[in-house]
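Beneath this line is the structure, given in structure tokens, with notes to follow.
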Amino acid sequence: MPSHSPADARFLRAIWSLSTNERTVTVTALARRLDHVPGTVSDRIRKLAERGWVAREPYRGLALTARGRSEALRAVRTLRLLHCALSDLLGMPWPEIPAEAAALEGAASDRLIEQAESQLGSPATDPFGEPIPDRSGSLTDPRDRPLGSPGPASGSNHFTISRVVEHSMPVLERLDTHRLRPGARISLRSRSPLAGSMTLGTSEGDVEIGLPEIRALRVHR
């Protein structure tokens, strides 16, 4: 069984994810990511620090130790392989996968995860396009960018969706309605900064998406 609890796993994954995108990981940022109050986050961080997984660094806020990073990547691997198993082996609807995987995570033994990986053919990514760490913790760099970030001054407005990084069911349901999944080809028709929306050209025609969906998508040319 995992050496960390499901709650530990969520915190470790969140710190790891924030540290890959932000220079400083603060308690406030972590609380916002996990939808917790800062006091609850501080209590959990104290417990993770006691286990030698998290340290507070001057000017950098929270940081994973070497042991903490190893545990975080183990938790990432477990969750993403559960995503694959629910999708590919059980046919779970795409928007429902994250919640079901989170419910199963605490009961998933290392043997079960290894067996699932074997049955799945060692997938490189999960159904949301997120790369899956191998058993040693190595992870492929996605080399993509947020859909809403400024693009090059010149170049095509055509993209391929590479990842979906926001896994709340309402966002996934809206994306799924328009078939905006990893691998889908899209084109940027227009932006509306004041409304916080974009119009995208898709295989289903033009669709307008709001800020939560824009923030969820990563793309590459």
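The values are calculated or read from the model by the stated rules, or taken from the named source; none is laboratory data. Just so it is clear, the structure is predicted and the values come from calculations on it, not from any experiment. When we count neighbours, we look across all protein chains shown, and the Cβ atoms used for this are built from the backbone with ideal geometry, even at glycine.
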Verdict on Thr160 being assigned by TED's automatic domain parsing to the domain that holds Glu208, under 19 Å from Met92 (Cβ atoms) and not charged (D, E, K, R) = no
Only one of these is surrounded by fewer than 18 Cβ atoms within 10 Å (Cβ to Cβ) and of a type in the set (A, V, I, L, M): Leu211, Leu200, Leu147, Leu180. Name it.
-> Leu211
Which residues, counting only those in segment 57-112, are surrounded by fewer than 16 Cβ atoms within 10 Å (Cβ to Cβ) and on the phi > 0 side of the Ramachandran plot?
-> Tyr59, Gly91
Does at least one position in segment 107-119 carry a residue that is among the aliphatic types (A, V, I, L, M), part of a loop (DSSP other than H, G, I, E, B), at pLDDT below 95 and closer than 14 Å to Val76 by Cα?
-> yes
Within segment 7-33, the residues that are of a type in the set (A, V, I, L, M, F, W, C), buried (at least 17 other Cβ atoms within 10 Å of the Cβ) and either within 22 Å of Glu105 (Cα to Cα) or in contact with a Cys (Cβ under 7 Å, 6 or more places away or on another chain) (or both) are Ala9, Phe11, Leu12, Ala14, Ile15, Trp16, Leu18, Leu30, Ala31
Name the residues in segment 172-200 that are out of contact with any strand residue (DSSP E or B) (no Cβ under 8 Å at 6 or more places or on another chain) and touching a residue at least 24 places away in the same chain (Cβ under 8 Å), would you?
-> Glu173, Asp176
Does any residue of segment 133-142 turn out to be aliphatic (A, V, I, L, M), over 14 Å from Val219 (Cα atoms), in contact (Cβ under 8 Å) with a residue 60 or more places away in the chain and surrounded by 14 or more Cβ atoms within 10 Å (Cβ to Cβ)?
-> yes
Could you tell me which residue of segment 29-73 is farthest from the chain's Cα centre (by Cα), considering only residues that are farther than 13 Å from Phe11 by Cα and in a helix (DSSP H, G or I)?
-> Glu50
